[in-house]
Amino acid sequence: MKRFCILFLILFLTGCWNYQELNEYAIVTGMSVDYKEGKYEISFLIANGNKTEQEQAKTSLITGEGETIYNAIKDISLASPKELYISHLSVVIISEEVARDGISNLLDYLLREPQSHQNFYLLISKDTKASNILSILSPLSDYPSQNIASNISNTAKLQGKISDASFNLFMEKYLSTGYEPIMNSVIIIGDIKEGQSADSQDKTKQDAYTKLDTLALFQKDKFVTWATQEESIGIDLILGEIENFYFNVPCENSFAVTVSNDYEVKYKLEKNKIIVQAKAEGTLREVDCKINLENEKDIQKLEKAAAAEMRKYMVDAIQLAKNNRTDIFGFGSKYYKKYPNQYHQISDWNNYFVTLPIEIETDFQYTRKGSLEQSLEREEQ
Amino acid sequence: MVMYMQNKKRIKTIQEELGNSSDIIVREINDNLCYIYLESVSSDDKISNFLLKSIVHYQKIEDLFKELQSNIYNSHIEVMKDFKEVYYYLASGYTCLFIDSEERYIVIETKENLNRSIAESTSEPLIRGPKDSFTENNSSNLGLIRKRIKDSKLRIDELKIGKRTKSKVSIIYINDIAEKKNVDTIKQALNEIDIDAILDTGYIRDYLETKQKSLFPKMISTERPDLCCQSILNGKIAVMVENSPYVLIMPAILTDFFKNPEDYYLKFTSSTFSRIIKFIAFLITILTPALYIALMTFNQEMIPDQLIISLATQRSQVPFPTFMEVIIFVIIFEILREADMKAPSASGASMSIVGALILGDAAVAASIVSPFVVIVVAITSICELVFTDMDFINAIRHWRLLFIFSTIFTGIVGIVVAGLILIIKLASLEPLNTPYLIPFSPFNLSGMKDNIVLFPTNQRFKRPNYLTQNTKRGEKA
């Protein structure tokens, strides 16, 4: 009995520490950071609004302003009837302006916040305000942030143009020496005003939708420049974080679209030279030339062209990085691990990186041709 | 004439003792011979055919007693000396034959058949396996066991307990398998029972429980003779009480409640699968409501992104805190089930309509509970139904409530703490010196062959060695 009493008391003495009903939370799934008149303007996308007729949650966007990130968030909570809950944050969208000035204070807040789960995606909004991205509704998913997050996780490995840059990966690169981070960007296509209304969801052709765009290059926490589509492929190829990518291989006057389904990249580090060896296997997906696909020699020719194309992408990417003095490939980090003494003698790695010769070796092999054995144009003859 | 007086006196004593009960029948054949029986428990047919026919022609013969003893057409007769015993035999359906010149008397078995016939088990039905089950008749129950185990070492020790009911309590075991120590412990516990009535095995359970308190049962209670025999053959001891179709089997360990007699009749793979399912169901049924409360009120970060929003929206109209919601619904369900079990089958249909429609649908529509709570309570109760032992189910129900209460205050931490207490509690139990969590803790290799994973019968040559020293099942072992 005595023991039972003690046990019972222990339970009651906790005083329900940390007790909070789920419906008293405003579940934040998206966050955007903009500038407005020299202040931060932060918007939260809250997923559990009122129930709609179909018992679905309605999303709402609440905006706050402040000198600092935290001030702006506290400003939001003045407008929210429920406690803000950011554990389930899935995307943080940063406007280009903010990113150019540096986002170290934002990163600090996101890391320091005890509720933060740190498994969300960081994105830059291109050519538009970051909060606009959150307000575009998509009929394919329940709320805008989920739309973007699942878009990234589904396409990162299949496209080769975007990077699976979660917050954790961004921070890992940001904090390590000789490694500069990259970020995905997102754009709006269509009329923003129309796309924000719920009516647009019912239309078959949407007025506006969000789309993932090319990669953004960073130097430390500051945004530097955009990559083009080709350069984005090149960056992903050198980083080796992708499995699948597609590109157009020149073939006579036209192209043979090729999808790689097995990709591997190796780095050979020497004291004054870095060699990148890329090896890919792929399939033909669309052939628009009179190549004889049953001829071994023609295939080999196409393979060589594909390897050259890959090399071109990678050279472009390196040139872009060198022009902007940012080692987004993490060569510095790899160099540091292999030659720590030499690395310490280099005062600024990014300066050294610009002058560092990087050789690229590529190899490509076709393993399958798809369901067609021969190109159609040749069949016609 | 003096002799004649003795029979008269006997009858008078009996009638007085039984308060001139209306069912006492006395027939005096002649001055010297009379018999008495209770109409309510005796068969008139049997008495006419097997007693009366054989004694009615006896007149005054010198050695009447001896003559009767060898000439009554009845296989079960006994010669009694102690007159006090007469009441027990009368109540048991015997006919007592008194001879005036004799101090001794004869009792003849003339029981009326007051039993239902052996029927299919209702509480523990099987798809593949024997269909018979124990009844209220002690001797046919013993017969069902004897029929299965034709071993000379099978022991049936009988005691009579209960001052008023004088119920037969049988201890059944196999002499060279069961531990002598355990049999003695049980016998001693039974001998110490000092109570007027034993109407069911449930009456003696508390006496047989060891001093350790636990909500989990330390004995199996079954009406299946095949389960009873399986257990006896493994070295367990069964206790049977007259007029009770349920047999107690001791000692029971935790994994016994995950087993089913059917396991040994089916292919071992399907038995293993069903045991794994039962284990999962055990965890679900004991933890789900507590886990739901913990996730909804303390540890929301553990809910997947997609789910949290639908959960939050579902709950937005409900005025009660989550734990109230769960407790209200769990209690309502317990009431519903209690009512369903006790209600005659005729009103069962209306009960299920009220239960399913009103409670499930209308309560959600009226925003009294959120739909997810209905799912939680439903899955909890369904998982509970995979177990057949009532005591085990009750233990689960109580522990579930304990888990709920500890979570209300501390969330996931409460589940961990309550879980630890549960494991410590179970590990400390030792019914008849058998650790309750064996073969997991302490680890026992011989027990592992018939545990969550069941090995095929031709690979299990040995009995688990925590129940018996004699582990050989066959010559090969």
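Listing for the model above:
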{"quantity": "Unmet requirement for A:Ser104, which otherwise passes all of (1) surrounded by 15 or more Cβ atoms within 10 Å (Cβ to Cβ); (2) within 30 Å of A:Trp226 (Cα to Cα); (3) of a type outside the set (A, V, I, L, M, F, W, C)", "calculated": "(1)"}
{"quantity": "Pair list, Cβ < 7 Å and 6+ apart or interchain, from the range B:138-151 residues that are closer than 11 Å to B:Cys229 by Cα and in contact (Cβ under 8 Å) with a residue 60 or more places away in the chain to residues that are acidic (Asp, Glu) and surrounded by 14 or more Cβ atoms within 10 Å (Cβ to Cβ)", "calculated": "B:Leu144/B:Asp132"}
{"quantity": "Of residues in the range B:106-120 being part of a loop (DSSP other than H, G, I, E, B) and not hydrophobic (A, V, I, L, M, F, W, C), the one farthest from B:Asp226 (Cα to Cα)", "calculated": "B:Thr110"}
{"quantity": "So A:Leu106, is it within 14 Å of chain B (Cβ to nearest Cβ) and more than 30 Å from A:Lys203 (Cα to Cα)", "calculated": "no"}
{"quantity": "Test for A:Ser163: is it within 13 Å of another protein chain (Cβ to nearest Cβ) and either of a type in the set (Ser, Thr, Tyr) or not in a strand (DSSP E or B) (or both)", "calculated": "no"}
{"quantity": "Within the range B:18-45, considering residues that are of a type in the set (Ser, Thr, Tyr) and within 37 Å of the chain's Cα centre (by Cα), the one surrounded by the most Cβ atoms within 10 Å (Cβ to Cβ)", "calculated": "B:Tyr37"}
{"quantity": "Test for B:Ala418: is it farther than 23 Å from B:Ile220 by Cβ, buried (at least 20 other Cβ atoms within 10 Å of the Cβ) and out of contact with any Lys or Arg (no Cβ under 8 Å at 6 or more places or on another chain)", "calculated": "yes"}
{"quantity": "B:Val369 vs. criteria at pLDDT below 90 and hydrophobic (A, V, I, L, M, F, W, C)", "calculated": "yes"}
{"quantity": "Enumeration of residues in the range B:287-309 that are more than 7 Å from chain A (Cβ to nearest Cβ) and surrounded by fewer than 23 Cβ atoms within 10 Å (Cβ to Cβ)", "calculated": "B:Leu287, B:Thr288, B:Leu291, B:Leu295, B:Asn299, B:Met302, B:Ile303, B:Pro304, B:Gln306, B:Leu307"}
{"quantity": "Count of the range B:75-105 residues which are of a type outside the set (A, V, I, L, M, F, W, C), assigned to a strand (DSSP E or B) and surrounded by 16 or more Cβ atoms within 10 Å (Cβ to Cβ)", "calculated": "3"}
{"quantity": "Test: residue in the range B:121-133 that is closer than 29 Å to B:Leu38 by Cβ and β-branched (Val, Ile, Thr)", "calculated": "no"}
{"quantity": "Any hit, the range A:20-31, residues being surrounded by fewer than 20 Cβ atoms within 10 Å (Cβ to Cβ), within 14 Å of chain B (Cβ to nearest Cβ), part of a loop (DSSP other than H, G, I, E, B) and in contact (Cβ under 8 Å) with a residue 40 or more places away in the chain", "calculated": "yes"}
{"quantity": "The listed residue being of a type outside the set (S, T, N, Q), facing chain A (nearest Cβ under 10 Å) and touching a residue at least 12 places away in the same chain (Cβ under 8 Å), out of B:Arg315, B:Arg275", "calculated": "B:Arg315"}
{"quantity": "Residues being in a loop (DSSP other than H, G, I, E, B), loosely packed, with under 15 Cβ neighbours inside 10 Å and within 14 Å of chain B (Cβ to nearest Cβ) - total across the range A:60-94", "calculated": "1"}
{"quantity": "Whichever residue in the range B:384-408 is surrounded by fewer than 21 Cβ atoms within 10 Å (Cβ to Cβ) and more than 22 Å from B:Val247 (Cα to Cα) and, among such residues, is farthest from the other protein chains (Cβ to nearest Cβ)", "calculated": "B:Glu384"}
{"quantity": "Answer from B:Gly360, B:Gly348, B:Gly355 - the residue that is away from chain A (no Cβ under 14 Å) and touching a Leu at 6+ places or on another chain (Cβ under 8 Å)", "calculated": "B:Gly355"}
{"quantity": "Any hit, the range A:276-291, residues being under 26 Å from A:Thr228 (Cβ atoms), of a type in the set (A, V, I, L, M, F, W, C) and part of a helix (DSSP H, G or I)", "calculated": "no"}
{"quantity": "Filter pass, A:Gly38 being without any contact (Cβ under 8 Å) to a residue 24 or more places away in the chain, more than 12 Å from chain B (Cβ to nearest Cβ) and surrounded by 16 or more Cβ atoms within 10 Å (Cβ to Cβ)", "calculated": "no"}
{"quantity": "Positions within the range B:127-166 being of a type in the set (A, V, I, L, M), closer than 25 Å to B:Tyr87 by Cβ and in a strand (DSSP E or B), in sequence order", "calculated": "B:Ile156, B:Leu159, B:Ile161"}
{"quantity": "Helices (runs of 4 or more DSSP H) contained in the range A:327-366 and holding at least 2 residues buried (at least 19 other Cβ atoms within 10 Å of the Cβ)", "calculated": "A:331-338, A:349-355"}
{"quantity": "The range A:179-227, residues that are part of a loop (DSSP other than H, G, I, E, B), surrounded by 15 or more Cβ atoms within 10 Å (Cβ to Cβ) and modelled with pLDDT of 85 or more", "calculated": "A:Tyr179, A:Glu180, A:Pro181, A:Asp221, A:Ala227"}
{"quantity": "Condition met for A:Asp236 (outside any strand (DSSP E or B) and either buried (at least 21 other Cβ atoms within 10 Å of the Cβ) or not hydrophobic (A, V, I, L, M, F, W, C) (or both))", "calculated": "yes"}
{"quantity": "Residues satisfying the stated conditions in the range B:60-70, i.e. outside any loop (DSSP other than H, G, I, E, B) and surrounded by 11 or more Cβ atoms within 10 Å (Cβ to Cβ)", "calculated": "B:Leu64, B:Phe65, B:Lys66, B:Glu67, B:Leu68, B:Gln69"}
{"quantity": "Whichever residue in the range A:267-302 is under 17 Å from A:Gln374 (Cβ atoms) and under 31 Å from the mean Cα position of the chain (by Cα) and, among such residues, is surrounded by the fewest Cβ atoms within 10 Å (Cβ to Cβ)", "calculated": "A:Arg285"}
{"quantity": "Residue within the range B:227-242 that is of a type outside the set (A, V, I, L, M), in contact with a Pro (Cβ under 8 Å, 6 or more places away or on another chain), touching a residue at least 24 places away in the same chain (Cβ under 8 Å) and within 18 Å of B:Gly143 (Cβ to Cβ) present", "calculated": "yes"}
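The values are calculated or read from the model by the stated rules, or taken from the named source; none is laboratory data. If you're wondering where the values come from, they're calculated on a predicted model, not measured in any experiment. When we count neighbours, we look across all protein chains shown, and the Cβ atoms used for this are built from the backbone with ideal geometry, even at glycine.
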